[in-house]
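Read the structure below first, then the notes.
The values are calculated or read from the model by the stated rules, or taken from the named source; none is laboratory data. A quick note: this is a predicted structure, and the numbers were derived from the prediction, not measured. Backbone-built Cβ (ideal geometry, glycine too); neighbour counts: all protein chains shown. The area values use the complete protein model at the heavy-atom level, side chains included, leaving out ligands, DNA and RNA. Shrake-Rupley method; radii C 1.70, N 1.55, O 1.52, S 1.80 Å.
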Amino acid sequence: MKSVKEALKNVPPFAKLGDILAAVGMITQDQLKKTLAEQKFSDEKIGELFIRLGYAVEEQVYACLAHQMSMDFVDNEKLLEASEDAVGEIPEAFARENTLIAHDTKDGTIVVVMVDPDDIIAIDNLRKLTDKEVLPVLGTPSGITNAIEQLYVRIRKESEVKDVIDTLQIFVESDDEEDGMVDMTKTDVEIDDAPVVKLVNLIIADAIKERATDIHIEYQDKYVSIRYRIDGVLREVMTPPHSSHPGIISRIKIISRLNIAEKRLPQDGRFGIKASDRELDVRVSILPTVNGEKVVLRLLDKSTFSRSLVQLGFEPDMMKIYKRSIIQPYGMIVVSGPTGSGKSTTLYASISDIKSSQDNITTVEDPVEYHSDGINQVQVKPKIGFTFSAALRHILRQDPDKLLIGEIRDGETADIAVKFSLTGHIVFTTLHANDAPSTITRFIDIGVPPFLVGSCLLLVMAQRLVRVVCKNCKYEYEPDEFEMAALNLSDEEKERFKNIKYYRGKGCVHCRNTGYYGRSGIFELLEIKGSIRRLIFDNANQEEIRDEALSRGMVSLREAALRKIAAGITTVREVLRVTVQEYE
């Protein structure tokens with residue numbers, strides 16, 4: 001834009017727009033003649049025609065138009081630097097309706113960027129709304145629209161975060177069991193510590209608004225890195241000065257009831273949060289590093305579980321297999337995958353799908369991640385000896401019909417779960433493994449004999465979560481050679497993928513410029529029957545089990561992810577990030 005401004009200095013104002021554009025070299029005389037001829041048969045303004053015909057760029061046309069009107073012009077980049085205080089003086093609905101946005105205020109005057117600075121009615125209404133004199137300046141329609149989207153969203157978010165901070169209550173378990181939970185927000189805070197308290201509350205409140213599952217706080221050379229894990233990926237959201245690090249760590253230790261003086265050893269703690277209509281459990285992990293202490297906060301939403309199996313992303317054929325397995329009267333359903341892959345969500349959706357008033361359903365978890373009506377949920381407390389195995393031994397005396405075990409971590413828990421499933425009960429549980437076949441061998445590694453594993457298992461399912469393309473900025477594109485080569489498609493798959501449409505997100509305010517919003521599950525289901533069961537009895541390795549399962553029609557995690565690409569749900573790069581390609 002600098003070159004345009006410099007060129008305009010030698011062009012007299014009040015000339016015709018076409019002549020100004022031609023004088024600064026934006027269009028040729030031939031293009032001017034063609035545009036004037038086109039205008040005779042069109043209702044569009046001459047500037048709009050130059051843009052539509054591709055002769056000039058929007059910013060260039062409006063810069064020249066501002067020169068013609070002897071008016072200031074605000075380019076698209078400077079529009080985003082508008083004062084948020086000024087922007088907030090004009091209601092969002094009015095700004096959208098009239099395609100305008102406030103840019104600054106000074107000496108009782110508000111500077112408003114408009115597409116039509118001659119709109120007397122809008123200017124008069126602005127005077128009444130703001131009680132200020134209005135100084136109209138010119139901007140581009142796309143620039144103003146984009147600024148409205150970004151700036152008003154930012155203002156709304158800040159207002160929402162402030163509301164959350166105002167209602168944020170932090171609770172910790174009392175040392176005295178009779179006292180229950182202690183409200184840490186009501187404890188006295190030293191004046192010098194108040195800014196740190198506000199900063200920690202801001203970090204937590206902002207994470208809640210952004211749907212974060214984890215908060216990472218790390219000490220860097222010149223600043224503190226605050227990152228949120230949103231949709232499974234870490235994003236840096238703020239960088240407070242490095243001098244704030246000791247205060248942040250101390251505040252988190254205080255609300256987690258940890259030792260403030262201990263900086264050499266790892267520490268684990270927890271606290272609860274009540275914000276507006278949501279309640280969360282926060283698990284705290286502090287780890288000493290060479291740069292200082294690193295903190296990770298895991299946010300667990302304790303609100304009532306409301307998801308169904310249909311919402312998780314099952315393909316129709318997989319849903320059929322899964323549903324016929326979970327309605328069986330006895331046996332074991334195992335869901336495997338890494339931390340954060342949605343295992344607990346799947347199990348709760350399964351329980352919600354089959355629960356009835358005729359069943360006694362009990363869960364044993366650490367922690368209880370979701371609250372669900374009609375289910376008896378047990379929280380283990382290892383510190384007092386109430387472990388998974390101890391809880392399970394007592395639950396066996398509670399006449400249960402269906403049992404959900406949050407995770408099998410040791411041989412004793414696995415042994416009780418297996419025997420429970422062999423005595424006429426259905427058991428749902430999770431295990432850390434890379435895929436469905438390796439989940440079976442993992443059971444055997446824990447110490448469960450192969451004949452018991454083969455006898456109790458009904459279904460083993462591995463799962464992952466892939467990010468979903470943002471619907472607000474989704475567009476069709478053609479993958480490059482690197483992406484397609486990295487997928488390593490077979491000849492059959494290449495033929496199948498020849499005519500599909502590929503999508504990705506441009507990045508917008510809604511998705512924080514990532515191109516993704518939300519996640520969907522991909523699943524690898526292995527039914528335990530026939531030849532698969534015989535292989536387990538024979539203590540076969542995971543490769544033998546995998547080959548047999550694939551020959552029987554099992555859909556691998558990579559194949560399930562490719563289906564999401566074909567359906568336009570996710571992208572090639574996301575599939576490459578989440579799944580592993582098997583090579584011969």
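Brief remarks on what is shown
- Condition met for HIS371 (within 23 Å of ASN541 (Cβ to Cβ), surrounded by fewer than 17 Cβ atoms within 10 Å (Cβ to Cβ) and of a type outside the set (D, E, K, R)): no
- Test result for ASP43, acidic (Asp, Glu) and at pLDDT 85 or above: no
- Helices (runs of 4 or more DSSP H) fully within the range 51-147 that include at least 3 residues being over 23 Å from GLY25 (Cβ atoms): 84-87, 92-98, 120-130.
- Taking the range 469-490 as the range and being open to solvent by less than 30 Å² (accessible area, probe 1.4 Å) and either part of a loop (DSSP other than H, G, I, E, B) or modelled with pLDDT of 90 or more (or both) as the test, the residues that pass are VAL469, CYS470, CYS473, PRO479, LEU489.
- Residue in the range 575-583 that is in a helix (DSSP H, G or I), open to solvent by 40 Å² or more (accessible area, probe 1.4 Å) and either modelled with pLDDT of 85 or more or among the basic types (Lys, Arg) (or both) present: yes
- Matching residues in the range 208-260 - criterion: being basic (Lys, Arg) and part of a loop (DSSP other than H, G, I, E, B): ARG211, LYS222, ARG257
- Members of the range 445-466 found to be open to solvent by less than 10 Å² (accessible area, probe 1.4 Å) and within 14 Å of ALA540 (Cα to Cα), listed by number: VAL453, GLY454
- Tallying residues that are open to solvent by less than 60 Å² (accessible area, probe 1.4 Å) and touching a residue at least 24 places away in the same chain (Cβ under 8 Å) within the range 542-562 yields 11.
- Among (1) open to solvent by less than 30 Å² (accessible area, probe 1.4 Å); (2) over 20 Å from ASN291 (Cα atoms), the one test that ARG229 misses: (1)
- The criterion of being out of contact with any helix residue (DSSP H, G or I) (no Cβ under 7 Å at 6 or more places or on another chain), aromatic (Phe, Trp, Tyr), farther than 18 Å from ILE444 by Cα and open to solvent by 70 Å² or more (accessible area, probe 1.4 Å) does not hold for TYR503.
- Evaluated against (1) of a type in the set (Asp, Glu); (2) surrounded by 15 or more Cβ atoms within 10 Å (Cβ to Cβ); (3) free of Cβ contacts under 8 Å to residues at least 60 places away in the same chain; (4) closer than 30 Å to ALA22 by Cα, ASP116 falls short on exactly one condition, (2).
- Any hit, the range 486-507, residues being at positive phi and free of Cβ contacts under 8 Å to residues at least 24 places away in the same chain: no
- Qualifying positions in the range 219-261 - of a type in the set (Asp, Glu) and out of contact with any strand residue (DSSP E or B) (no Cβ under 9 Å at 6 or more places or on another chain): ASP221
- The single condition among (1) in contact with a helix residue (DSSP H, G or I) (Cβ under 9 Å, 6 or more places away or on another chain); (2) under 30 Å from GLU218 (Cα atoms); (3) surrounded by fewer than 19 Cβ atoms within 10 Å (Cβ to Cβ); (4) not hydrophobic (A, V, I, L, M, F, W, C) that PRO288 does not meet is (1).
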